[in-house]
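Student: Pasting in a structure now, in structure tokens, and then I'll have a few things to ask.
The values are calculated or read from the model by the stated rules, or taken from the named source; none is laboratory data. None of these values were measured; they are calculated from a predicted model. Using ideal geometry, Cβ is built from the backbone for each residue, glycine included, and neighbour counts are taken over all protein chains shown. Areas reflect the complete protein model, heavy atoms only, side chains present, ligands, DNA and RNA absent. Shrake-Rupley method; radii C 1.70, N 1.55, O 1.52, S 1.80 Å.
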Amino acid sequence: MLIDTHAHVNFSAYKNDADKVISRSLENNVWIINVGSQYSTSKRAVEIAEKYSRGVYAAIGVHPIHLSNGIFKTKIDKEEIEFETREEEFDYEKYKELARSKKVVAVGEIGFDYWYKPKTKTKLDEFKNRQRETFVKQLKLAEDLNLPVIFHCRVAHDDLTDILESQNEKPRGVIHCFSGNWDEAQRYLANGLSLGFNGIIFKLNLDEVIAKTPLERILIETDCPYLTPPPMEGRNEPSYVKYVAEKIAKIKKLSYEEISDITVKNAVKLFNLHG
Ligand code: NI
């Protein structure tokens, strides 16, 4: 058994076959946490999870990229796609209402993304402030609901860790799609967080970070539909998480079974998953 701790079967890439993709995953003994990136996808993650008696869960939150208007580029496997975002305001009460579902196991994905940023100083300050304010409100939601957090962070590790270290109540959680260096990894580990690895480990060299990260702090994920691990091609899906597990087993010089056991235990414990 495996747990894909970060999937997006709630996204439009699966609008025609989400149920099939999920059934395939459950038949392969892969449980799924579908992660929201704005209100609509958070709601959809909850609706999907509610359809299954076990093995499918949801995380809710506003991803920093949805705090600005813009056209963004992303890749699904080799294909570059463009998508448009509209500025969204985080509404605490609406999210709290969504979290009444027992299938909601985390707040996320939330955090910082400075990859596409405004060029003028004033606009840049505004952009960063908006990400910070929204992030802090969502941390509060996680604290009030006693839920762990799924963090997204791109080229903003210092800003994220500074805030985490200034919190009285330290959030539990995972830095999803970790792709930094060992120094950055250590800072997150020192704050009690886990690191989530996905298909990006086939593109960037994260061998040292994976080798040094304690086993009990490792989670595996796909971030599907993105980051398809070889040898698969095209749209990624939760059942492909096994390729990530295989590669981590190799780096850790452990068996596939040992890695699947420990990563399942880690996910069950962090997200308090039950039946
Ligand atoms: Ni994601």
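Student: On the given criteria, is ARG130 within 20 Å of GLN186 (Cβ to Cβ) and either among the charged types (D, E, K, R) or open to solvent by 40 Å² or more (accessible area, probe 1.4 Å) (or both)?
Tutor: no
Student: What tally of residues in segment 24-54 results from selecting those that are aromatic (Phe, Trp, Tyr) and either open to solvent by less than 10 Å² (accessible area, probe 1.4 Å) or under 20 Å from LYS94 (Cα atoms) (or both)?
Tutor: Of all residues in segment 24-54, those aromatic (Phe, Trp, Tyr) come to 31, 39, 52.
Next, from what is left, pick out any that are either open to solvent by less than 10 Å² (accessible area, probe 1.4 Å) or under 20 Å from LYS94 (Cα atoms) (or both): 39.
Going through segment 24-54 one residue at a time, the tally reaches 1.
Student: If you don't mind, another one. What's the total number of residues in segment 12-67 that are assigned to a loop (DSSP other than H, G, I, E, B) and either within 15 Å of the ligand (Cβ to nearest atom) or under 13 Å from the mean Cα position of the chain (by Cα) (or both)? Steps first, please.
Tutor: Keep residues of segment 12-67 that are assigned to a loop (DSSP other than H, G, I, E, B), which gives 15-17, 28-29, 36-38, 51-55, 61-63.
After this cut, where a residue has to be either within 15 Å of the ligand (Cβ to nearest atom) or under 13 Å from the mean Cα position of the chain (by Cα) (or both) as well, the list is 36-38, 61-63.
Residues in segment 12-67 being assigned to a loop (DSSP other than H, G, I, E, B) and either within 15 Å of the ligand (Cβ to nearest atom) or under 13 Å from the mean Cα position of the chain (by Cα) (or both): 6 in total.
Student: Condition check: under 19 Å from the mean Cα position of the chain (by Cα), among the hydroxyl-bearing types (Ser, Thr, Tyr), closer than 28 Å to LYS20 by Cβ and at pLDDT 95 or above. Does TYR226 satisfy that?
Tutor: yes
Student: While we're on this one: Being surrounded by fewer than 22 Cβ atoms within 10 Å (Cβ to Cβ), in a loop (DSSP other than H, G, I, E, B) and at pLDDT 95 or above narrows it down to one residue among LEU189, LEU204; which is it?
Tutor: LEU204
Student: Give me the residue from segment 114-136 that is in a helix (DSSP H, G or I) and among the β-branched types (Val, Ile, Thr) and, out of that set, farthest from SER179 (Cα to Cα).
Tutor: For segment 114-136, the residue satisfying everything is THR122.
Student: Looking at THR213, THR222, THR228, which is the one that is more than 16 Å from the ligand (Cβ to nearest atom) and open to solvent by less than 50 Å² (accessible area, probe 1.4 Å)?
Tutor: THR213
Student: What pairs come up if the first residue lies in segment 89-106 and is within 27 Å of ARG54 (Cβ to Cβ), the second is among the hydrophobic types (A, V, I, L, M, F, W, C) and assigned to a loop (DSSP other than H, G, I, E, B), and their beta carbons are under 9 Å apart, counting only those six or more places apart or on different chains?
Tutor: From segment 89-106, the pairs are TYR95/VAL62; ALA99/LEU147; VAL104/LEU147; VAL105/LEU147; VAL105/LEU273; ALA106/LEU147.
Student: Would you pick out the residues in segment 137-155 that are buried (at least 20 other Cβ atoms within 10 Å of the Cβ) and outside any helix (DSSP H, G or I)?
Tutor: Selection gives LEU147, PRO148, VAL149, ILE150, PHE151, HIS152, CYS153.
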